[in-house]
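Engineer: Would you mind keeping the following structure in view while I ask a few things?
The values are calculated or read from the model by the stated rules, or taken from the named source; none is laboratory data. Not measured: the values here are computed from a predicted model. Every residue, glycine among them, receives a Cβ derived from its backbone with ideal geometry; neighbour counts consider all protein chains shown.
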Amino acid sequence: MTVQFLEVLVIAFALSLDAFAVSFAASAAGYTRNNRRAVFRLSFHFGLFQFLMPIVGWALGVAIEPLIAAFDHWIAFLLLAIVGIRMIRAALHPEIETQQNDPSRGFTLVMLAIATSIDALAVGLSMAVLNMEVWYPAIVIGLVAGGMSMLAIAGGNRLGPWLGQKAQVVGGTVLIIIGVRIVVTHLSGG
């Protein structure tokens with residue numbers, strides 16, 4: 001069974017919304033301002049993980065779906081909450097801010113990329129259950145997520161200076177809210 005382009009595009013857009021929000025928050029907080037490498041790192045990693053996770057989910061197939069479904073939302077929440085709390089703490093206590101708080105670098109970047117692509121893993125599992133191809137949708141999902149992240153960064157870079165240091169607190173809060181939304185959505189069966 002092949003997946004129609006419009007369906008894949010809608011799925012890709014829906015999956016990229018978390019990456020969009022995180023990219024916007026990171027750029028509004030000033031982490032990507034005048035830093036093309038940070039822009040590339042964020043958009044590339046979000047696109048890459050959104051591409052890889054459906055493939056991983058598809059490869060895992062039906063056998064492991066019940067095991068992942070039981071706790072994937074908690075992993076996403078935990079990763080987003082950790083990064084969000086670190087961003088808020090860095091904004092409220094600038095003297096303790098370090099390069100480790102930069103969401104476009106290192107372990108923090110990997111945590112965000114995983115947390116925002118957990119749903120893509122579930123989509124890959126669904127594709128395996130429905131005996132659908134995965135490569136074409138995964139490529140579209142990855143490209144859309146990377147592009148949406150770049151758009152979010154551009155918007156955040158424009159609004160960040162206007163928001164000032166509050167942007168970092170708002171960004172951290174947005175990450176925590178996204179994590180809570182993921183948990184509530186999974187617990188309510190949505």
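Engineer: Of all residues in segment 2-59, how many are on the phi > 0 side of the Ramachandran plot and either of a type in the set (A, V, I, L, M, F, W, C) or surrounded by 17 or more Cβ atoms within 10 Å (Cβ to Cβ) (or both)?
Structural biologist: Filtering segment 2-59 for residues on the phi > 0 side of the Ramachandran plot gives 30, 34.
Narrowing further to those that are either of a type in the set (A, V, I, L, M, F, W, C) or surrounded by 17 or more Cβ atoms within 10 Å (Cβ to Cβ) (or both): 30.
Selection size over segment 2-59: 1.
Engineer: If you don't mind, another one. Considering only segment 94-102, I want to know if a residue exists there that is more than 16 Å from Ile141 (Cα to Cα), among the charged types (D, E, K, R) and either at pLDDT 85 or above or surrounded by fewer than 18 Cβ atoms within 10 Å (Cβ to Cβ) (or both).
Structural biologist: Step one: list which residues in segment 94-102 are more than 16 Å from Ile141 (Cα to Cα), which gives 94-102.
Now drop any that are not among the charged types (D, E, K, R), which leaves 95, 97, 102.
Retained after the next criterion (residues that are either at pLDDT 85 or above or surrounded by fewer than 18 Cβ atoms within 10 Å (Cβ to Cβ) (or both)): 95, 97.
Yes, segment 94-102 contains at least one residue that is more than 16 Å from Ile141 (Cα to Cα), among the charged types (D, E, K, R) and either at pLDDT 85 or above or surrounded by fewer than 18 Cβ atoms within 10 Å (Cβ to Cβ) (or both).
Engineer: Next question, about the same structure. Can you find, within segment 124-142, the residue that is farthest from the chain's Cα centre (by Cα) among those that are at pLDDT below 85 and crowded, with 18+ Cβ neighbours inside 10 Å? Step through it out loud before you land on a result.
Structural biologist: Our first condition is that a residue be at pLDDT below 85; within segment 124-142, this holds for 125-132.
Subset that is crowded, with 18+ Cβ neighbours inside 10 Å: 125, 127-128.
On the way: Leu125: 18, Met127: 20, Ala128: 22 Å.
Ranking the candidates gives Ala128 first.
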